[in-house]
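Some notes on the structure that comes next.
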Amino acid sequence: MSQSYINFQSVIPLSNLKRSKLLLSLLFVILSYVAVSLPQEALVKAGVNPFVLSIGQMIGFVGFALVALIILGGRKAFRDLAPKPKARQIPLIFFYALLSMFLAIGLAQFVSNLQANPIIDIAAASPLFMVLTALLLVFQLFFEELVAVLSFVLVYQLLAQRGLSHKACLLLALIFSVLLAAAVHIPTYNFNVVQSLLVIGGARLGLGIAYAHSKNFWIAYLAHLLYDGVLIALALIAILGFGVSV
């Protein structure tokens, strides 16, 4: 193993972690995310109470995330992945949330038959469901960032071991993590592959750059939370305030 790879741990957190742990944790979060998120719309249509469903999803996201972090190495691994943000990093949260919005909105112009996120309809049902949706987002987006960040770190590690430059590793790991995170959203948007790869992929690109820049899970996660929160809030204002269908 080259000395340059050994030193990458100071650049990319967990890049020196045992590969089997990274791979197992990544596979676990992907399968868990699909298992918790995929049945959402079908269960609502089948008559499952959205309140019960939301609570069940939150419990699922928390439980599965804890197991994934235990696989990685527990509290120490998560501290390495998500150190306390420094004051100078806080503006990055707003910058990358805005960048993600611009990328997603710009790329949406090339997509026909845009599908709304089904969570918007649930949130619009009542004030209680708005609160539940906000709480659910806190946990769900945490899980989504685990998928993106772990895939980024794993690909970075694999490429770094093969002697690629730091910049090449960053670029290829970013591309892979963006495509993977976009792909897991395909069922959410009624299997509209183009929308998932372009719109979700565009947003994910901004968030992926947030992690590649900051090397801090919290920066990418909070930017993601801000991005989704603003867009869902705007959709709810359009629906409830102006009767606009989204």
Test result for Asn113, under 26 Å from Leu197 (Cβ atoms) and not hydrophobic (A, V, I, L, M, F, W, C): yes
Testing Ala116 on (1) in a helix (DSSP H, G or I); (2) hydrophobic (A, V, I, L, M, F, W, C); (3) in contact (Cβ under 8 Å) with a residue 24 or more places away in the chain; (4) closer than 25 Å to Phe61 by Cβ, one condition comes back false. Which one is that? (1)
With the requirement that a residue be surrounded by fewer than 21 Cβ atoms within 10 Å (Cβ to Cβ) and modelled with pLDDT of 90 or more, what does the range 187-202 give you? Asn192, Val193, Val194, Leu197, Leu198
Which listed residue, of Leu205, Leu225, is surrounded by 15 or more Cβ atoms within 10 Å (Cβ to Cβ) and within 21 Å of Leu114 (Cα to Cα): Leu205
Would it be correct to say that Leu170 is within 11 Å of the chain's Cα centre (by Cα) and assigned to a helix (DSSP H, G or I)? no
Name the pairs whose Cβ atoms lie under 7 Å apart, with the first residue in the range 154-176 and surrounded by fewer than 18 Cβ atoms within 10 Å (Cβ to Cβ), the second in a helix (DSSP H, G or I) and β-branched (Val, Ile, Thr), and 6 or more positions between them or separate chains? Leu172/Val155
From the list Ala238, Ala212, which one is of a type in the set (A, V, I, L, M) and in contact with a helix residue (DSSP H, G or I) (Cβ under 6 Å, 6 or more places away or on another chain)? Ala212
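The values are calculated or read from the model by the stated rules, or taken from the named source; none is laboratory data. Owing to the predicted nature of the structure, the values given are computational and were not obtained by experimental measurement. In this analysis, Cβ positions are derived from the backbone assuming ideal geometry, glycine residues included, and neighbour counts consider all displayed protein chains.
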